[in-house]
Amino acid sequence: MRDPWVAPIRLALEEAALAPRSGDVPVGAVVLAPDGSVIGRAHNEREAVGDPTAHAEVLAIRQAADTVGSWRLTGCTLLVTLEPCTMCAGAIVLSRLERVVYGAVDEKAGAVGSLWDVVRDRRLNHRPEVVAGVLSQECAQLLTDFFRGDDRECGSGPGTDFGARLGIR
């Protein structure tokens, strides 16, 4: 079941690797059209643009909506390296994405099954399919390296082991 998602998650990992250049947390996202073509891709840019909503998922969803000319992303799939937060989970529901696929679990702030499960709340009018854990080790390692300072250009603050929080180490 996860095999079709490995290649697109690798695209999201490529995006995530761009984020630390501006001091942003390395999270990347890709949106696929129903035919599998990439219609949106982005990485975190909160530090780069000074916008607290500039999460990879939101930016990729905006790009995809621009590409298709509609806010409704029916039949589309969002792939992201880290489990989305509550804000991003809300954007997923509101954009009518068919599916969300993610790599690393975020037990501290995840809203797609770990801490909360916003996208599958029965009270909402849209509930996308969720595929979790695709290339989870690679996705988590990118975050761990960043927070430890191994792959950080700005180098401010003490590092943390993100993988330990994710329960993968």
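The values are calculated or read from the model by the stated rules, or taken from the named source; none is laboratory data. Keep in mind that this is a model prediction, so the values were computed, not measured. Every residue, glycine among them, receives a Cβ derived from its backbone with ideal geometry; neighbour counts consider all protein chains shown. These accessible areas exclude ligands, DNA and RNA; they are computed on the full protein's heavy atoms, side chains included. Shrake-Rupley method; radii C 1.70, N 1.55, O 1.52, S 1.80 Å.
Over the stretch 1-89, calculate the relative contact order: mean separation of alpha carbon pairs under 8 Å at least 6 apart, over the residue count, as a percent.
29 percent.
Any idea how far the Cα center of the stretch 72-151 sits from the one of the stretch 1-68, in Å?
12
Provide the gained length on full extension for the span Ala7 to Glu107, in nm with one decimal, where the gain is 0.36 nm per separating residue minus the Cα-Cα distance.
33.5 nm
What order do Asp35, Asp117 take when sorted by accessible area (1.4 Å probe), most exposed first?
Listed by decreasing accessible area, they come as Asp35, Asp117.
Over the chain, what is the relative contact order in percent, taking alpha-carbon pairs closer than 8 angstrom and at least six residues apart?
Over the chain, the number comes to 19 percent.
Using 7 Å Cα-to-Cβ label points, what is the Ala33/Arg96 separation (nm, one decimal)?
Result: 1.7 nm between the two label points.
Round to a whole number: what % of the accessible area of the chain belongs to carbon and sulfur, probe 1.4 Å?
The nonpolar share, carbon plus sulfur, comes to 50 percent.
State in Å² the accessible area per residue of the chain; use a 1.4 Å probe, count heavy atoms of protein chains only, and round to the nearest integer.
For the chain, the solvent-accessible area averages 47 Å² per residue.
Could you work out the local net charge near Ala48, counting Lys and Arg as +1, Asp and Glu as -1, over the other residues with Cβ closer than 11 Å to its Cβ?
Local charge sum for Ala48: -2.
Net charge near Ala60, counting Lys/Arg +1 and Asp/Glu -1 over other residues with Cβ under 10 Å of its Cβ?
That sum, taken over residues with Cβ under 10 Å, equals 0.
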